[in-house]
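K.L.:
Before I ask anything, here is the structure I am working with.
The values are calculated or read from the model by the stated rules, or taken from the named source; none is laboratory data. Keep in mind that this is a model prediction, so the values were computed, not measured. FYI the Cβ positions are ideal-geometry reconstructions off the backbone, even for glycines, and counts take in every protein chain you see.
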Amino acid sequence: MTDFLQSNWFLIVGALLALALFAARLFSADREFGKDLRGAIVLLLVFAVLRVIDWALHGQLPSGAAAWLGLLWRLALAFGLIRSAISVMLYLVRLRRVQTPKILRDLLDFSLYALVAIPIVKTQLRIDLTGLLATSAIVSVVIGLALQDTLGNFFAGLSVQLERPFQVGDWVSIKEHTGRVVQIAWRATRIETFRKEHVTLPNQILSKEAVKNYSRAGLPVALDLYFGVSYQNPPNQVKAAVLEALRDIPNLLPDPPPRCRTWHFDESSVRYQIRYFVSDFAHCDNVMEEIWTRLWYRFRRAGIEIPYPQRVMHLRSGESPPEQRTEVVSLLRTVDLFANLSPGDIEGVASQVMPRQFGRGESIISEGAAGNTFYVVSSGQVSVRTGSPPIEVSRLGRGQYFGEMSLLTGEPRSATVVAESDTELLEIDRPVFARMFEAHPELANQLSALLAHRRSALRAAAESSATSSDSAPEARRIFSRLRQIFRLQSDA
Ligand code: CMP
């Protein structure tokens, strides 16, 4: 055994190296490193097995077989050492966040393999590969023809590496394929699409086709959307509604700002373009989906019509259907602000409310903004938030209301209200209240008291105090603001 070990010290070195690489593979989280090491370990194990066979059968094999066996274990050892050294070197390069494409690894591996194989073959088999390669013109032509496509792909892959129109991890479009580059190899480049399909594109295609790269050093990338709107809606109204809908969409960059342009007069609609920017192309589908969803709600509220290409004739009556009116009346009856109104007055208010729909995540009113609308939640849920960063102070559902404070006092909105789910609201504006006060001047006083009471209750809830403070001075202050806003007589 000692004899074996003494004459086979490189066998021990090889086996120990294989063990060390195996341990490194176990503890490293780098998948590329793991893959590279697997090749090196296999080569070193092959070397160890062949070397032991060679030692065990020493002298018993015919000289030709012994020479081949010697050639194989020497090649396996040399290739294993090269592969280990390159794996470690590329791992260190990756630690500095530099990508190491597969084609580069393969090229390094195979160049070094060829360099060490020539002298080993020469000493073991007495064959001079350099002479063979240099003199055999016919072999070169045959190989050249057979590998025409493969070599074309190989050189195209090399030029992709040198030019670097994209790297692993970039989002690209090539022909009809869009995806993230997952591998650049010596024959082909592989991309992963949004549907997680892997598309393998021969490198020659990349050198012939236009390649769009959406990942330029983290710079914003622009995306365009087109939609058509009825000729009835003035372009400035449409553009303002679109820009408002685009506010606060997650992953849509506020800078560079999104733009909406009047694009074309089509047969049955005016076409508009929206150009917006995202920081990472990976978000493009989600952002686009959110834009279409918000546009639907925004357009619906603003009465902006997306015409159908087929000409459908809609006959509209201004009146809402009777079942809908009954539903509105019964909802308004539950609102304490209207508790002192007669059934006839409630009917009057119900005929003037505007149903509004908001999509999940849309802002309904913003803290600090001016406001002259009041909302009753008909379905869904809204979140009332104040401060910066915004903190939720309350959630309101069916039958609850908000927006009364600014409407009645003219003060800026005291909170931001955001739709928590798809929400339907009844919107009531200041003229409706003005008509109510005209008919029932005493209501102004009652509403001031109610408002003051709600305010102190809200304040007490916010401060987690069990008792609410005296609301009479607040009621007087609100009443005086209310009289100013609605130009009421002082004896109201
Ligand atoms: P307004 O100030 O017009 O706009 C924001 C609205 O949020 C406000 O009217 C109230 O209706 C509502 N609001 C403010 N604070 C609270 C709160 N703490 N709880 C419930 N609703 C609130």
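K.L.:
Run W296 past the list (1) of a type outside the set (D, E, K, R); (2) closer than 22 Å to G361 by Cβ; (3) in a loop (DSSP other than H, G, I, E, B) and report the number of the one that doesn't hold.
P.N.:
W296 satisfies all of (1) of a type outside the set (D, E, K, R); (2) closer than 22 Å to G361 by Cβ; (3) in a loop (DSSP other than H, G, I, E, B) except (3).
K.L.:
Mind telling me which of the residues E424, E474 ends up being among the acidic types (D, E) and at pLDDT 90 or above?
P.N.:
Only one candidate qualifies: E424.
K.L.:
Working only within the stretch 401-440, note down all residues that are under 14 Å from Y375 (Cβ atoms) and more than 35 Å from the chain's Cα centre (by Cα).
P.N.:
E404, M405, S406, L407, L408, I428, D429, R430, V432, F433
K.L.:
Residues being assigned to a loop (DSSP other than H, G, I, E, B) and over 22 Å from L223 (Cα atoms): count how many of those fall in the stretch 157-167.
P.N.:
Residues in the stretch 157-167 being assigned to a loop (DSSP other than H, G, I, E, B) and over 22 Å from L223 (Cα atoms): 1 in total.
K.L.:
Does any residue in the stretch 197-208 that is over 16 Å from V182 (Cβ atoms) come within less than 9 Å, Cβ to Cβ, of a residue that is of a type in the set (A, V, I, L, M) and in a helix (DSSP H, G or I) six or more places away or on a different chain, and which pairs are these?
P.N.:
Listed pairs, sorted by first residue: Q204/A156; I205/A156; S207/A156; S207/V160; K208/A156.
K.L.:
Looking at (1) at pLDDT 95 or above; (2) over 30 Å from N213 (Cβ atoms), which is the one condition that is false for I274?
P.N.:
(2)
K.L.:
Given the condition of a type outside the set (D, E, K, R), exposed (fewer than 13 other Cβ atoms within 10 Å of the Cβ) and within 17 Å of the chain's Cα centre (by Cα), answer yes or no: does some residue in the stretch 234-250 qualify?
P.N.:
yes
K.L.:
Which residues, counting only those in the stretch 355-412, are among the aliphatic types (A, V, I, L, M), more than 17 Å from E244 (Cα to Cα) and touching a residue at least 12 places away in the same chain (Cβ under 8 Å)?
P.N.:
If the condition is that a residue be among the aliphatic types (A, V, I, L, M), more than 17 Å from E244 (Cα to Cα) and touching a residue at least 12 places away in the same chain (Cβ under 8 Å), then V376, V377, V382, V384, V393, L396, M405, L407, L408 are the ones that fit.
K.L.:
List the number of the failed condition for W55; all other conditions in (1) within 30 Å of Q167 (Cβ to Cβ); (2) part of a helix (DSSP H, G or I); (3) not polar (S, T, N, Q) hold.
P.N.:
Here W55 meets the rest and fails (1).
K.L.:
Hey, another quick one. Inside the stretch 326-429, counting only strands (runs of 3 or more DSSP E) that do not spill past its ends, which hold 1 or more residues that are near the ligand (Cβ under 10 Å from one of its atoms)?
P.N.:
By residue number, 363-365, 373-379, 382-386, 391-396, 416-419.
K.L.:
Considering only the stretch 280-294, I want to know if a residue exists there that is within 29 Å of I174 (Cβ to Cβ), modelled with pLDDT of 90 or more and over 18 Å from the mean Cα position of the chain (by Cα).
P.N.:
No, every residue in the stretch 280-294 fails to be within 29 Å of I174 (Cβ to Cβ), modelled with pLDDT of 90 or more and over 18 Å from the mean Cα position of the chain (by Cα).
K.L.:
Still on this structure, please answer the following. If I go through the stretch 170-205 residue by residue, how many of them are assigned to a strand (DSSP E or B), touching a Phe, Trp or Tyr at 6+ places or on another chain (Cβ under 8 Å) and either over 24 Å from L107 (Cβ atoms) or of a type outside the set (K, R) (or both)?
P.N.:
6
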